[in-house]
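Structure record follows, encoded as structure tokens.
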Amino acid sequence: MRNFNTEGDNEMEEVKVVENNETAGVAAITQQYIVVRLGEEQYGVDIRYIDNIVRMQKITRVPKVAPYLKGVINLRGEVIPIMSLRLKMFLPEDEITKATRIIILKLGQYGSIGVIVDEVKEVVTLEEGQIEKVSYDSKDDKMNFIGGIGKYEGGLISLLDFNLVMQERENTP
């Protein structure tokens, strides 16, 4: 088991990394996700996009932006926009607790963005066979941000696709 460090004010936390060894000795394509909690649901965030995980801090509000854009923070001299995934996914307003974190993502053409999550739980490694792709009807008006469903330890983890999240952001009035 490895540890994934997250950055706090002056202290480091550790996020448990869980390796799946069901097919020992067989080369399989694997992908790592950080499992986060939003309300009662668990979601997976592809670890390749994660730049940093920080404790909740003061967010400077920006006027005339979508309600799910909470404002900006200054992280080591870089101004980072902060998005509430709860509001983006039409869940109730964020409840800030000691477990609340901001995950800083590097998303290529979109640059850096922070997303508020209720809790960072662990890092899991999923094999290709444990991930079911999700397809949606293009006529479906419901906004979909899930790129797949991960099967892990008898449970399901909705895998967020931040390209879908950000594309929708571009189309929001």
Residues of the range 29-44 being assigned to a strand (DSSP E or B) and either in contact with a helix residue (DSSP H, G or I) (Cβ under 8 Å, 6 or more places away or on another chain) or not β-branched (Val, Ile, Thr) (or both), which ones?
Thr30, Gln31, Gln32, Tyr33, Ile34, Arg37, Leu38, Glu41, Gln42, Tyr43, Gly44
Determine which single condition Gly39 fails, assuming it passes every other condition in (1) more than 21 Å from Ile157 (Cβ to Cβ); (2) at pLDDT below 90.
(1)
Taking the range 63-121 and the residues there that are assigned to a loop (DSSP other than H, G, I, E, B) and among the aromatic types (Phe, Trp, Tyr), the one that is nearest to Glu41 (Cα to Cα) would be Phe90
For Asp94, indicate whether it is surrounded by 14 or more Cβ atoms within 10 Å (Cβ to Cβ), touching a strand residue (DSSP E or B) at 6+ places or on another chain (Cβ under 9 Å), free of Cβ contacts under 8 Å to residues at least 60 places away in the same chain and of a type in the set (D, E, K, R).
yes
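Yes/no matrix, rows are residues, columns are (1) under 27 Å from Met56 (Cβ atoms); (2) at pLDDT 85 or above; (3) surrounded by 15 or more Cβ atoms within 10 Å (Cβ to Cβ); (4) more than 13 Å from the chain's Cα centre (by Cα):
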residue: Gly114; (1), (2), (3), (4): yes, yes, yes, no
residue: Asp118; (1), (2), (3), (4): yes, yes, yes, no
residue: Glu127; (1), (2), (3), (4): no, yes, yes, yes
residue: Gln130; (1), (2), (3), (4): no, yes, yes, yes
residue: Lys142; (1), (2), (3), (4): no, no, no, yes
residue: Ile146; (1), (2), (3), (4): yes, yes, yes, no
residue: Glu170; (1), (2), (3), (4): yes, no, no, yes
Regarding the range 2-22, can at least one residue be identified that is open to solvent by less than 50 Å² (accessible area, probe 1.4 Å), among the polar types (S, T, N, Q) and modelled with pLDDT of 90 or more?
no
Considering the range 42-57 alone, what residues qualify as being under 8 Å from the mean Cα position of the chain (by Cα) and under 14 Å from Gly155 (Cα atoms)?
Tyr43, Gly44
Restricting attention to the range 61-91, and to residues there that are over 17 Å from the mean Cα position of the chain (by Cα) and of a type in the set (A, V, I, L, M, F, W, C), which single residue is most open to solvent (accessible area, probe 1.4 Å)?
Val79
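The values are calculated or read from the model by the stated rules, or taken from the named source; none is laboratory data. Since this is a predicted model, take the numbers as computed values, not measurements. Virtual Cβ from ideal backbone geometry, glycine too; neighbours counted across all protein chains shown. Remember, those area values only see protein heavy atoms, side chains included, never the ligands or the DNA or RNA. Shrake-Rupley method; radii C 1.70, N 1.55, O 1.52, S 1.80 Å.
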